[in-house]
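**Student:** This is the structure I have questions about; it appears just below.
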Amino acid sequence: MERNAQLMFKLSPMFIQGGVLFLSDYEGQFYNFNLSSEKLSARQLDFVFCCDSFFLYQETVSDGRICFFSNHKFSLSFSASEDIENISVFFDDENVRVVLFFLDTSLCTEIQWCKDSGKTVKTDNVTATLSPCMIHYRSGLQIDLVKEYACWGEGSANLMFDEILSVSEAGVILSSEAEDDNETLFISSVDQYPVRLSLPFSGVLSASFNGNKNVFYLSGIDSGQQMIAEIDAITGQTLRIGDQKYGSASLLRDGNYTLVYITGSREGILIYNPISGSSQVIVPGILNCPRVYYENEKIKVTSLITSHNPRLNVLFFHGGPESCEWDTPRQPGMINAFRKHEVNYHIINYAGSSGFGRHFRTLTDQNVLNGTLPAISEWINVNLSGTELLLFGGSFGGTVLLELIARQAELQANVEGCILINPLLDMPYHISRVISAGGETEFFRKKFSQSDTEQIVIKRYADTLKTFSGKILLILGRRDEVLTIWPALELIRTLGKAENLTLLIDDGGHSSLSHFPLRSDRIVDFMYQMLSSGRTLSY
């Protein structure tokens with residue numbers, strides 16, 4: 001699979017401007033994808049703000065700082081002598097006002113436009129009348145972008161939220177973690193009362209306002225996949241529910257249009273227009289197979305089933321642990337290389353993963369290892385008994401992987417190999433680094449018990465791997481900014497000469513996009529070597 005195609009799966013869409021799709025990665029780097037030439041290129045942006053009503057970005061070019069603004073009816077570019085630090089927005093009945101706060105000056109730039117005509121006026125060197133990082137509405141509604149709360153002026157109670165899904169002249173859609181799912185709230189621009197949306201989703205991941213139809217589009221989770229619904233922007237009532245389910249579905253704007261950015265092993269990557277029904281394929285689908293979803297109180301699994309009698313089952317474990325994984329997919333190069341070889345893939349969201357409500361996220365607090373691993377082992381024994389497994393995990397997912405190997409005697413399946421990318425190998429060492437850097441350790445104290453912490457140590461995992469007969473691929477980045485490479489180097493030293501260990505050390509970071517294609521190629525090579533030397537496949 002070509003480099004651009006692999007990288008596209010690792011990027012998140014933001015908006016489209018003039019036939020160019022703007023995207024970002026996990027590290028806050030920005031990219032452009034030209035929808036005509038289908039070329040992907042890095043873009044050095046200093047500041048980006050996008051919502052359903054407008055977008056604004058700033059970049060440094062050879063002759064200074066340039067800002068570009070568009071409200072989907074009118075666009076303007078202008079120079080700035082300072083870096084933009086913050087932004088605030090005021091939605092009035094007829095106009096929208098945006099205030100730009102700069103890093104080294106108290107004076108601001110104000111951009112104001114008429115909602116109907118889009119006519120825009122920019123005024124420099126003004127004194128701010130709005131506080132930074134706030135969204136204001138004429139109704140009195142205020143949204144604090146930093147502290148993440150909504151209120152209606154002094155004396156009103158604060159409504160806390162976890163994420164803003166949509167900001168527009170019609171109002172805001174907010175997401176808050178509830179006990180068994182993620183609660184979605186709609187606050188109209190003309191009302192002071194939040195409405196809890198009743199949707200056929202266990203959680204909403206993105207939303208976008210379409211002024212042409214006066215509706216919101218929402219993408220939400222259903223059985224480990226994502227689907228689209230349409231709700232009325234005034235009443236909040238559901239108007240339509242899409243009948244298609246995708247690996248992932250993100251909503252973005254192209255002028256006045258809301259588009260759906262779809263990814264998945266089956267779908268590839270495509271941009272779909274829900275009004276016209278047209279779509280543009282960016283990357284073709286990789287697998288022609290069904291997704292099968294399984295869940296119970298302690299585990300959620302999305303499986304890509306290419307065969308009912310597979311020659312190999314690959315299990316993906318995400319990091320975190322408070323993270324989650326959908327079929328985006330994580331390793332498109334691997335799936336593409338082995339799409340004809342009866343390999344099934346299983347995306348494991350173990351207890352402690354986010355995105356499924358507070359209960360599931362906190363279910364194993366203070367008992368992470370003994371609370372998480374039995375459910376994974378049980379699922380393997382029930383669904384993959386007698387098969388051959390390849391375990392794949394990065395960061396804390398690597399820890400989960402090593403814990404499974406340590407409990408291999410409990411498994412009724414054969415672990416033929418494992419792939420570890422920048423794994424968490426020593427919790428006490430990691431916590432001491434966080435403390436030395438002046439960081440907060442409350443998360444670790446709440447999540448992990450003393451027993452958990454004492455078990456996640458280099459010596460124990462070295463002893464585990466010394467008795468492991470399967471093949472091991474260990475990928476490390478010298479510039480791992482999260483965990484550092486030193487515990488892994490100590491693990492390698494402790495293991496000594498291990499004939500079943502393949503090692504790749506590069507100059508990348510914890511999840512560097514710049515090194516992803518090389519790491520992906522090495523993973524594919526490792527799988528070919530593993531399969532050709534074992535009883536699983538022959539080439």
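The values are calculated or read from the model by the stated rules, or taken from the named source; none is laboratory data. Keep in mind the model is a prediction, meaning the values are calculated, not measured. Here the Cβ positions follow ideal geometry from the backbone for every residue, glycine too, while neighbour counts run over all protein chains shown.
**Student:** Only one of LEU495, LEU483 is of a type outside the set (S, T, N, Q), closer than 16 Å to HIS430 by Cβ, surrounded by 15 or more Cβ atoms within 10 Å (Cβ to Cβ) and modelled with pLDDT under 95; which?
**Tutor:** Answer to the selection: LEU483.
**Student:** Checking the conditions here, which among THR372, THR364, THR399 is part of a loop (DSSP other than H, G, I, E, B) and assigned by TED's automatic domain parsing to the domain that holds LEU315? Working first, answer last.
**Tutor:** Working: THR372 fails: part of a loop (DSSP other than H, G, I, E, B); THR399 fails: part of a loop (DSSP other than H, G, I, E, B).
Testing whether each residue is part of a loop (DSSP other than H, G, I, E, B) and assigned by TED's automatic domain parsing to the domain that holds LEU315 leaves just THR364.
**Student:** Related question: Considering each residue of the range 142-167, count those that are charged (D, E, K, R) and without any contact (Cβ under 8 Å) to a residue 12 or more places away in the chain, and give that number. Before you say what the answer is, go through the steps one by one.
**Tutor:** So the first thing to find is which residues in the range 142-167 are charged (D, E, K, R), and the list is 144, 147-148, 154, 162-163.
Applying the additional criterion that residues be without any contact (Cβ under 8 Å) to a residue 12 or more places away in the chain yields 144, 147, 154.
Count: 3.
**Student:** Do any helices (runs of 4 or more DSSP H) lying entirely in the range 412-512 carry at least 3 residues that are in the same structural domain as GLY319 (by TED's automatic domain parsing) and touching a strand residue (DSSP E or B) at 6+ places or on another chain (Cβ under 8 Å), and which ones are they?
**Tutor:** Once the helices (runs of 4 or more DSSP H) in the range 412-512 are filtered for at least 3 residues that are in the same structural domain as GLY319 (by TED's automatic domain parsing) and touching a strand residue (DSSP E or B) at 6+ places or on another chain (Cβ under 8 Å), what remains is 486-495.
**Student:** Another question, then. Restricting attention to the range 168-194, report how many residues are free of Cβ contacts under 8 Å to residues at least 40 places away in the same chain, assigned to a strand (DSSP E or B) and not acidic (Asp, Glu).
**Tutor:** Residues meeting the conditions: 6.
**Student:** Ok, one more. Filter the range 1-48 down to the residues that are of a type in the set (Phe, Trp, Tyr) and under 18 Å from the mean Cα position of the chain (by Cα) and list them by number.
**Tutor:** Across the range 1-48, the qualifying residues are PHE9, PHE15, PHE22, TYR26, PHE30, TYR31.
**Student:** Would you say ILE305 is under 30 Å from LEU420 (Cβ atoms), in contact with a Cys (Cβ under 6 Å, 6 or more places away or on another chain) and assigned by TED's automatic domain parsing to the domain that holds VAL482?
**Tutor:** On the way: under 30 Å from LEU420 (Cβ atoms): yes; in contact with a Cys (Cβ under 6 Å, 6 or more places away or on another chain): yes; assigned by TED's automatic domain parsing to the domain that holds VAL482: yes.
Yes; evaluated as a whole, the condition is true for this residue.
**Student:** What are the residue pairs meeting all of these: first residue in the range 114-141, first residue at positive phi, second residue of a type in the set (S, T, N, Q) and surrounded by 17 or more Cβ atoms within 10 Å (Cβ to Cβ), Cβ atoms under 7 Å, and 6 or more apart or on different chains?
**Tutor:** Listed pairs, sorted by first residue: GLY118/ASN71; CYS133/ASN86; CYS133/SER88.
**Student:** To continue, here is another question. Return the residues of the range 129-167 that are outside any loop (DSSP other than H, G, I, E, B) and either over 23 Å from the mean Cα position of the chain (by Cα) or acidic (Asp, Glu) (or both); say none if nothing qualifies.
**Tutor:** Within the range 129-167, MET134, ILE135, HIS136, TYR137, GLN142, ILE143, ASP144, ALA150, CYS151, LEU159, GLU163 qualify.
**Student:** Tell me yes or no: at least one residue of the range 182-194 is in the same structural domain as GLN142 (by TED's automatic domain parsing) and under 18 Å from the mean Cα position of the chain (by Cα).
**Tutor:** Yes, the conditions are met somewhere in the range 182-194.
Every residue, every condition in (1) over 29 Å from LEU11 (Cα atoms); (2) at pLDDT 90 or above; (3) buried (at least 20 other Cβ atoms within 10 Å of the Cβ); (4) under 25 Å from the mean Cα position of the chain (by Cα), yes or no:
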{"position": "GLU325", "(1), (2), (3), (4)": "no, yes, yes, yes"}
{"position": "PRO332", "(1), (2), (3), (4)": "no, yes, yes, yes"}
{"position": "ILE348", "(1), (2), (3), (4)": "no, yes, yes, yes"}
{"position": "ALA351", "(1), (2), (3), (4)": "no, yes, yes, yes"}
{"position": "GLY355", "(1), (2), (3), (4)": "no, no, yes, yes"}
{"position": "THR372", "(1), (2), (3), (4)": "yes, yes, yes, yes"}
{"position": "ALA375", "(1), (2), (3), (4)": "yes, yes, no, yes"}
{"position": "ASN381", "(1), (2), (3), (4)": "yes, yes, no, no"}
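**Student:** Under 8 Å by Cβ, and 6 or more places apart or on different chains, what pairs join a residue from the range 256-280 that is of a type in the set (Lys, Arg) with one that is part of a loop (DSSP other than H, G, I, E, B)?
**Tutor:** So the pair list comes out as ARG266/GLY247; ARG266/GLY285; ARG266/ILE286; ARG266/LEU287; ARG266/ASN288; ARG266/CYS289; ARG266/ASP327.
Yes/no per residue for (1) among the aromatic types (Phe, Trp, Tyr); (2) touching a strand residue (DSSP E or B) at 6+ places or on another chain (Cβ under 8 Å); (3) farther than 22 Å from VAL215 by Cβ:
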residue: SER131; (1), (2), (3): no, yes, yes
residue: HIS136; (1), (2), (3): no, yes, yes
residue: GLY140; (1), (2), (3): no, no, yes
residue: ASP144; (1), (2), (3): no, yes, yes
residue: LEU159; (1), (2), (3): no, yes, yes
residue: ILE173; (1), (2), (3): no, yes, no
residue: GLU177; (1), (2), (3): no, yes, yes
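**Student:** For the range 383-402, which positions are under 20 Å from TYR293 (Cα atoms), of a type in the set (Ser, Thr, Tyr) and buried (at least 16 other Cβ atoms within 10 Å of the Cβ)?
**Tutor:** If the condition is that a residue be under 20 Å from TYR293 (Cα atoms), of a type in the set (Ser, Thr, Tyr) and buried (at least 16 other Cβ atoms within 10 Å of the Cβ), then THR387 is the only one that fits.
**Student:** Which residue is surrounded by the fewest Cβ atoms within 10 Å (Cβ to Cβ), if the candidates are limited to the range 403-447 and must be more than 18 Å from LYS466 (Cβ to Cβ), of a type in the set (A, V, I, L, M, F, W, C) and in contact with a Gly (Cβ under 8 Å, 6 or more places away or on another chain)?
**Tutor:** ALA413
**Student:** Considering only residues that are crowded, with 24+ Cβ neighbours inside 10 Å and of a type outside the set (A, V, I, L, M, F, W, C), which ones fall in the range 268-295?
**Tutor:** none
**Student:** Just for the range 161-197: of the residues that are more than 14 Å from TYR217 (Cα to Cα) and among the small types (Gly, Ala, Ser), which one is modelled with the lowest pLDDT?
**Tutor:** Result: ALA178.
**Student:** If you don't mind, another one. For the range 170-194, give me the residue count where each residue is within 15 Å of ASP232 (Cα to Cα) and surrounded by fewer than 16 Cβ atoms within 10 Å (Cβ to Cβ).
**Tutor:** Counting residues in the range 170-194 that are within 15 Å of ASP232 (Cα to Cα) and surrounded by fewer than 16 Cβ atoms within 10 Å (Cβ to Cβ) gives 2.
**Student:** How many residues are modelled with pLDDT of 95 or more and either out of contact with any strand residue (DSSP E or B) (no Cβ under 9 Å at 6 or more places or on another chain) or among the hydroxyl-bearing types (Ser, Thr, Tyr) (or both) if we restrict to the range 280-295?
**Tutor:** 2
**Student:** Assigned to a loop (DSSP other than H, G, I, E, B), farther than 16 Å from VAL126 by Cβ and assigned by TED's automatic domain parsing to the domain that holds CYS133: does that describe ASP104? Give the derivation first.
**Tutor:** Values: assigned to a loop (DSSP other than H, G, I, E, B): yes; farther than 16 Å from VAL126 by Cβ: yes; assigned by TED's automatic domain parsing to the domain that holds CYS133: yes.
Considered against the rule, which asks whether it is assigned to a loop (DSSP other than H, G, I, E, B), farther than 16 Å from VAL126 by Cβ and assigned by TED's automatic domain parsing to the domain that holds CYS133, ASP104 comes out as yes.
**Student:** Just one of the numbered conditions (1) touching a Ser or Thr at 6+ places or on another chain (Cβ under 8 Å); (2) hydrophobic (A, V, I, L, M, F, W, C); (3) within 30 Å of GLU416 (Cβ to Cβ); (4) modelled with pLDDT of 95 or more is not true of VAL314; which one?
**Tutor:** (1)
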